[in-house]
Amino acid sequence: MSRRGVAAINPVAKVAASLLIALTLALSVDAASAVTALALELVLLPFAGLSWGRFWRRTAAVWIAAPLAGLTVALYGRASGHVYLDWLFVHVTDGSLRVAAIIAVRVLAIALPAVALFATVDATELADGLAQLLHLPARFVLGALAALRLVGLMRDDLTALELARRARGVADRGRVLRLPGLAFALFVLSIRRGSALATAMEARGFGGDGLRTWARPSHFGAREVLLIVVGASLAAAAVVVAATTGQWVFIGG
């Protein structure tokens, strides 16, 4: 079944749009640009092609990480203004709370569009785009694709290792105590599987230096250009609002 909407857009365009937003917001730490970008993203996110259930599942880590990042800045950030708490290394002040709020919003503004766009990315299509459109080395692209495909097997390997250890009677301890042994076994298994895969790919000619053909051509058309323009416009709007309100301060300044 063919995909439609944002899901059918070339992954290279999704990477470019996400990078434009992220790099622009990383240039300054101010409230205006972060709030502007987040507000525009919340308007556009319903068009990302994700159901609400899938959207919340995909972005759950972002909604948790943003307040935690803000909390860290609030407790250990630069002290300025009225002091609310001063204990050892913890300094909660007006300045640290303000920067903490800005950081939390900025994390959301950077991460939400990236997660929403990458939720519909197919790894093979991304590899095709990187090799055919950006002309990255085929050996690197195919190796990265193979490694990415193996990540999905790690959960199955972990389940199989747990069942095998339980069958041998060595899984009587708690899950936390078993974790170091499982991690080491999974690490060894990953090395063996990676070595076998690398040998198999070399035997099939994936490491050759000659001209390579691709089974699926990677197209870059009007939809991809439109997505990049939307990302660039969103980033530009955030900068303009911050500069107009006098809040834009280059991070290196």
**Asked** Taking the Cα centre of segment 109-225 as origin and charging only Cβ (+1 Lys, Arg; -1 Asp, Glu), how large is the dipole, in debye to the nearest 20?
**Response** 560 debye
**Request:** Express the accessible area of segment 176-253 per residue in Å², computed with a 1.4 Å probe while the remaining protein chains stay in the model.
**Result:** 70 Å²
**Item:** Leading residue at positive end of dipole, the chain (Cβ point charges), from VAL29, GLN247, LEU158
**Value:** LEU158
**Prompt:** According to the square roots a ≥ b ≥ c of the eigenvalues of the Cα gyration tensor, what is the shape class of segment 51-198, taking rounded for a/c under 1.5, prolate for a/b larger than b/c otherwise, and oblate for the remainder?
**Reply:** oblate
**Asked** Which value, in Å² and to the nearest 10, is the accessible area of MET154 when all protein chains are kept and the probe is 1.4 Å?
**Response** 80 Å²
**Item:** Options LEU179, THR199, LEU134, ranked by Cα towards positive dipole end of segment 129-223, top entry (Cβ charges)
**Value:** LEU179
**Lys, Arg +1 and Asp, Glu -1 on Cβ, resulting dipole of segment 1-107 about Cα centre, debye, nearest 20** = 620 debye
**Item:** Hull volume in cubic angstrom per residue (convex hull over the Cα atoms of the chain)
**Value:** 208 Å³
**Message:** Please compute the modelled spin-label separation between ALA236 and TRP52, points set 7 Å along Cα→Cβ, answer in nm with one decimal.
**Reply:** 3.4 nm
**Request:** Could you list which residues have their amide H under 5 Å from that of SER28, counting only those 5 or more apart in sequence or on another chain, with H placed in the peptide plane?
**Result:** ILE251
**Item:** Carbon + sulfur, % of accessible area of segment 7-100 - ligands and nucleic acids excluded, 1.4 Å
**Value:** 74 percent
**Request:** Using a 1.4 Å probe over the heavy atoms of the protein chains, calculate the carbon and sulfur portion of the accessible area of segment 132-247 as a whole percent.
**Result:** 66 percent
**Message:** Place a point 7 Å from the Cα of ASP122 along the Cα-to-Cβ direction; which residues of segment 41-55 have their backbone N under 14 Å from it?
**Reply:** none
**Request:** Using a/c under 1.5 as the rounded threshold, could you call segment 165-253 rounded, prolate or oblate? The axes a ≥ b ≥ c are square roots of the C-alpha gyration tensor eigenvalues, and prolate needs a/b larger than b/c, oblate otherwise.
**Result:** oblate
**Complete:** The rounded separation in angstrom of the Cα centers of segment 203-224 and segment 1-53 is 27 Å
**Request:** Provide the solvent-accessible area of ILE251, counting protein heavy atoms only and rolling a 1.4 Å probe, rounded to the nearest 10 Å².
**Result:** 100 Å²
**Asked** Any idea what the dipole of segment 166-253 comes to, in debye rounded to 20, about its Cα centre with Lys/Arg Cβ at +1 and Asp/Glu Cβ at -1?
**Response** 680 debye
**Approximate spin-label separation PHE140-MET201, in nm, with each point projected 7 Å along Cα-to-Cβ** = 1.4 nm
**Item:** Length released on extending from LEU27 to ARG193, taking residue separation times 0.36 nm less the Cα-Cα span
**Value:** 55.6 nm
**Item:** Spacing of the two label points (7 Å from each Cα toward its C-beta) at ASP156 and VAL225, in nm
**Value:** 4.2 nm
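The values are calculated or read from the model by the stated rules, or taken from the named source; none is laboratory data. This is a predicted model, so every value here is computed, not measured. Cβ sites come from the backbone with ideal geometry, for glycine too, and all protein chains shown count toward neighbours. Heads up: the accessible areas ignore ligands, DNA and RNA and are worked out on the full protein's heavy atoms, side chains in. Shrake-Rupley method; radii C 1.70, N 1.55, O 1.52, S 1.80 Å.
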